[in-house]
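Everything below concerns the one structure shown next.
What follows draws every value from the coordinates through simple rules; no lab data is involved. Remember, it's a predicted structure, so these values are computed and weren't measured experimentally. Cβ placement follows ideal geometry from the backbone for every residue including glycine, while neighbour counts extend to all protein chains displayed.
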Amino acid sequence: MAKLFLVPNVLSEGDWRSVLPAGIQQVVSETRYFIVEDVRTARRFLKQVNKEIDIDTLTFFELNKYTQAADLPTFLKPAEEGNDIAVISEAGCPGIADPGADVVKIAHQKGIKVVPLVGPSSILLALMASGLNGQNFAFNGYLPVKPNDRVKAIQTLERKIKSENQTQIFIETPYRNNQLVSDLIKFCSPVTQLCIAADLTGENEFVVTKSIQQWKSGIPELHKIPVIFLIG
């Protein structure tokens, strides 16, 4: 039976072997069909994992915000014909804050075996290192862009911390990180704990948890850096 492999990608620049298991090399080396967010970066990743891969013999399907839902079932045709397929995220694990979940759902409907491979998830790494409640937590994706809506969302998440004892995790487009932190400092309670987890697994990794009051004395520069935010 053909398989749909979910292949994690690195979170930052560096040797892939420091964050990904060796078994990934065999999977990508033996697979000829790939579902990816961006063909160019996927090709580069494959060459990093195995320089001997003949990229020109591979078939890529792009799954991103421009992909039409009606096209997704066609991406799985090779699997229905007996060929393994691999889904590769731009960073981290496919299906987690990632469009890969859409094609995985269809794979289940078609009876295609789905095989998740071990790899780094920035969300879980940040939670592990935060010191916040890891027994009850929620990932909320991106907060609203409009200032008033974002403030309301922050206040709603802060209420959940108190009412449900639930750690709240969220992300932001890197060029808006500083603005989000500014809102957190301004509108959250001084005793709320905020963890900023930046450039995880990277050379300049930064994971620090402090109260909102403590953060007021100095905030790191986060512009254009991949960051996970947690409050608890």
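So for Glu172, Glu164, Glu203, fewest C-beta neighbours within 10 Å to most, what's the order? Write down the numbers at each step before the final one.
On the way: Glu172 21, Glu164 12, Glu203 8.
Ordered from fewest to most neighbouring Cβ atoms within 10 Å, Glu172, Glu164, Glu203 come out as Glu203, Glu164, Glu172.
Along the charge dipole of the chain, Cβ charges K/R +1 and D/E -1, which of Pro174, Val104, Asn204 sits furthest on the positive end?
Ranked along the dipole, the leading option is Pro174.
Cα atoms only, the stretch 3-116: Rg and Dmax in Å?
13.1, 38
What percent do you get for the relative contact order of the stretch 122-231 when only Cα pairs under 8 Å and 6+ apart count?
On the way: 183 pairs, mean separation 36.3, N = 110.
Relative contact order for the stretch 122-231 comes out at 33 percent.
Highest mean first, what order results for 56-62, 130-136 on Cβ atoms within 10 Å?
Working: 56-62: 13.9, 130-136: 15.6.
The peptides rank, most packed first, as 130-136, 56-62.
Of all beta bridges DSSP finds with both residues in the chain, what is the antiparallel percent, to the nearest 5? Don't skip to the end; give the middle numbers.
Numbers: 16 of 36 bridges.
Given both bridge residues lie in the chain, the antiparallel proportion sits at roughly 45 percent.
What 222 nm value per residue comes from the helices of the chain, counting each DSSP H run with n ≥ 4 as -39,500 (n - 2.57) and dividing by all residues, nearest 500 deg cm²/dmol? List each step's numbers first, then the result.
Numbers: 9 runs with 79 residues, N = 232.
The helix-only estimate for the chain comes to -9500 deg cm²/dmol at 222 nm.
Could you give log10 I(q)/I(0) at q = 0.21 Å⁻¹ for the stretch 96-232, computed by the Debye formula over C-alpha point scatterers of equal weight, without solvent?
These q points yield log10 I(q)/I(0) values of -1.31.
Sort the following peptides by mean Cβ neighbour count (other Cβ atoms within 10 Å, averaged over residues), highest first: 26-39, 140-153.
Top to bottom by mean Cβ count within 10 Å: 26-39, 140-153.
Between Ser182 and Val145, 0.36 nm times their residue separation minus their Cα-Cα distance comes to what?
Values: separation 37, 0.36 × 37 = 13.32 nm, distance 1.37 nm.
Contour length minus the Cα-Cα distance gives 11.9 nm.
Of Lys51/Lys105; Lys113/Lys152; Lys113/Lys160; Lys65/Lys162; Lys47/Lys77, which pairs sit farther than 30 Å apart, going by alpha carbon to alpha carbon?
Values: Lys51/Lys105 32 Å; Lys113/Lys152 41 Å; Lys113/Lys160 37 Å; Lys65/Lys162 35 Å; Lys47/Lys77 25 Å.
Check vs 30 Å cut-off fails for Lys51/Lys105; Lys113/Lys152; Lys113/Lys160; Lys65/Lys162.
Below 8 Å between Cα atoms, with a sequence gap of 6+, how large is the relative contact order for the chain in percent? Write down the numbers at each step before the final one.
On the way: 416 pairs, mean separation 51.6, N = 232.
Relative CO of the chain lands at 22 percent.
Hey, got the dipole for the stretch 3-116? About the Cα centre, +1 on K and R Cβ, -1 on D and E Cβ, debye to the nearest 20? Provide the component values of the computation, followed by the final result.
Details: 13 positive and 16 negative charges, 32 e Å.
Its charge dipole is roughly 160 debye.
With an 8 Å Cα cut-off and a minimum separation of 6 or more residues, compute the relative contact order for the stretch 168-229 in percent.
Relative contact order here is 48 percent.
Please get the size of the charge dipole for the chain, origin at its Cα centre, with Cβ charges of +1 on Lys and Arg and -1 on Asp and Glu, quoted in debye to the nearest 20. Write out the running numbers ahead of the final one.
Details: 24 positive and 25 negative charges, 155 e Å.
In total the dipole reaches around 740 debye.
With +1 assigned to the C-beta of every Lys and Arg and -1 to the C-beta of every Asp and Glu, and no other charges, what is the dipole magnitude of the stretch 51-173 about the Cα centre in debye, to the nearest 20? Don't jump to the answer; show the numbers that get you there.
On the way: 12 positive and 15 negative charges, 165 e Å.
Magnitude of the dipole: close to 800 debye.
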